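Written out below as structure tokens is the structure these notes cover.
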Amino acid sequence: MANTKKISLFWEEKQITLLEVDRNQPVQSHVIDLNAIYSEAAFSAGLTEEIQTVALIQKTLRELRIEAADTSLALCNRDVILRSFVIPALKTNEIQTAVQFEAKKYIPFDINELRYTFHSIPFTENKTKRLRVTLYAVRKETLDKYERIIKQTGLNLLTCEPAAVGLCRTMLYQKDITLDARVAILDINDQNGCIYFIDRGIAVFIREFQLSVATVNVLDPAEEAELIKSRIFNEIRNSFDFFNRQHSEQVNQLLIYGNDKFSEIIHEFADELGVNVRRYSANLISPLKTFSGIALISSYGLLIPPVAGGAPVSDLLIKQKSTKDSASKSSAISINIDLKEFAPVINVAIGAAVCCAAFFGYLYFQQQELNKQIDALSSQQGEFTADTTDTIQGKITKFNTDEDAIKKVRLKTDLNVLTALIAQYVPEGMWLDGLDVKFAGEDDNTVNLNFKGNVYLPDVNMQIKTVNTFLAKLRQDKEISKYFHKVQLQSIQRQENNKVTSTVFEVRCF
């Protein structure tokens, strides 16, 4: 009887989450803490990181009584390169080449250094058929390292997929989302957050962010909570803006997963974003007393079959299949033939051959004339010679889009006045960067400004005070008040670089 048990390994920087299932039901889970292999004692032992990792996994497998199990590897967001882009609707055998060409524009690595897989979803835009391509990639050296370690532990590695694929598969399997939904999932805890955008069962965009806003005790709990809340709102708003600019059909609901202390802001998200917002919890039927966390939910998805109509298996273990040429064997047969008996047939064949030669000669000269006409037309086509009709249509659409964008370029703005007004209050030891400008509308020159700053003063305690003084002057300036009704401190924290302590801050003017 075949073994029905399988395991998955969700591999993160400092831990590995192990999940075992039997007949699609979770059996046991365990977190392998990798911090032990980075300790001073571990390094003094002279053992490499890989050897210690193998030993740690083998020890865990013995304790859990797992032997030579079929294994799926879940890659965390840190290891996965995720890109989504649009190409013209092409024939199946042309998509691979088009994806490789487009991937070079969006991925900062040589495509030959990666293992990748992709999915394409057809859609219509401006009455033109197109394909939305979602590409997952991982560096070969990263995946090779994981493969070596897993092989040495004695496990049988079958598949390797991005953890986000498993998350989508679990949610579809549990009917938490539908195939036609466009959903955002916010996973949030005390230290950081991550937002996933899922389109028709496929994760097409992921954004991770930190929530810590200060490293010194300069803010009371209420102020710190307000800054964290503001950070969350900004990250979610920016993520939604980016996704909606890239997609014609927008997200219609936000699911919030994670720390319960953020539950009270769910309704505020709904009002701010104009979407349906609700708490999300994975209602898995499981003998495990605690089955929670994105790591386990994602790992579970890699061990169950894909939902019909959803994204297929996104296996990054790309293996080249070699084909063997089979040599055909021919047997020689010796036959004695009297050619005189076939003289009439031979004469007819010779006559037919002469006629065929004349006919094909005529076709040859006709073909030459056609080639000349084709060359003349090709010279007129110029750079469009090798393009299909769909490709040319795509270029026309892009040209029209670029033309519209150029028409919307602002020729007049108050930005130079604003920056001059702000700059006059910048004290010694402070510098500003990271200016983000957002206009109210196409015909409205009203601007919102976000900018970052850094303060260095020999007296560390004066750095926070300098920021507060700077903000007070901005708020008191009557000219600046004509443009903004509020100047708000978004975040402030101290940082140390080469034993030099400075204070970084972020300001929003609206």
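Points to keep in mind about this one:
- Loop-located chymotrypsin sites (Phe, Trp or Tyr not before Pro) across the range 94-163 with a Cβ neighbour count of 14 or fewer within 10 Å are F109, with loop assigned by DSSP.
- Taking 17 Å as the straight-line reach from the Cα of K482, the aspartates and glutamates in range (excluding those fewer than 8 positions away in the same chain) are D414, D444.
- Taking all Cα-Cα distances within the range 99-140, those exceeding 15 Å account for 46%.
- In terms of the mean number of neighbouring beta-carbon atoms within 10 Å, the peptides 177-188, 304-315 order highest first as 177-188, 304-315.
- Residues of type aspartates and glutamates that K499 reaches as a straight line, Cα spacing below 16 Å, ignoring anything fewer than 8 places off in the same chain: D459
- Figure note: I228, I236 ranked by solvent-accessible area, largest first, 1.4 Å probe, ligands and nucleic acids not counted: I228, I236.
- The GluC sites (Glu not before Pro) of the range 46-77 that meet both conditions, a loop assignment by DSSP and at most 11 other Cβ atoms within 10 Å of the site Cβ, are E67.
- Extension gain, T397-E67: 0.36 nm per intervening residue step, less the Cα-Cα distance, totals 113.1 nm.
- Our compactness index for the range 434-507, the C-alpha radius of gyration over the empirical 2.2 N^0.38 Å, is 1.31.
- DSSP-loop GluC sites (Glu not before Pro) across the range 123-156, with at most 12 other Cβ within 10 angstrom: none
- Heavy-atom SASA rank of Y257, Y456 (probe 1.4 Å, accessible area, largest first): Y456, Y257
- Where labels lie 7 Å past Cα in the beta-carbon direction, separation of T142 and C355 in nm: 7.0 nm
- Mean Cβ neighbour count within 10 Å, used as a protection proxy, ranking 425-432, 448-455, 496-503 highest first: 448-455, 425-432, 496-503
- Estimated Rh, the range 91-178: Kirkwood, alpha-carbon pairs, angstrom: 15.8 Å
- Entry for the range 20-171 at q = 0.10, 0.13, 0.17 Å⁻¹: log10 I(q)/I(0) = -0.51, -0.78, -1.08, Debye formula applied to identical alpha-carbon scatterers, no solvent contribution.
The values are calculated or read from the model by the stated rules, or taken from the named source; none is laboratory data. These numbers were taken from a predicted model, which means no experiment stands behind them. Note that each Cβ is placed from the backbone with ideal geometry, even for glycine, and that neighbours are counted across all protein chains shown. Remember, those area values only see protein heavy atoms, side chains included, never the ligands or the DNA or RNA. Shrake-Rupley method; radii C 1.70, N 1.55, O 1.52, S 1.80 Å.
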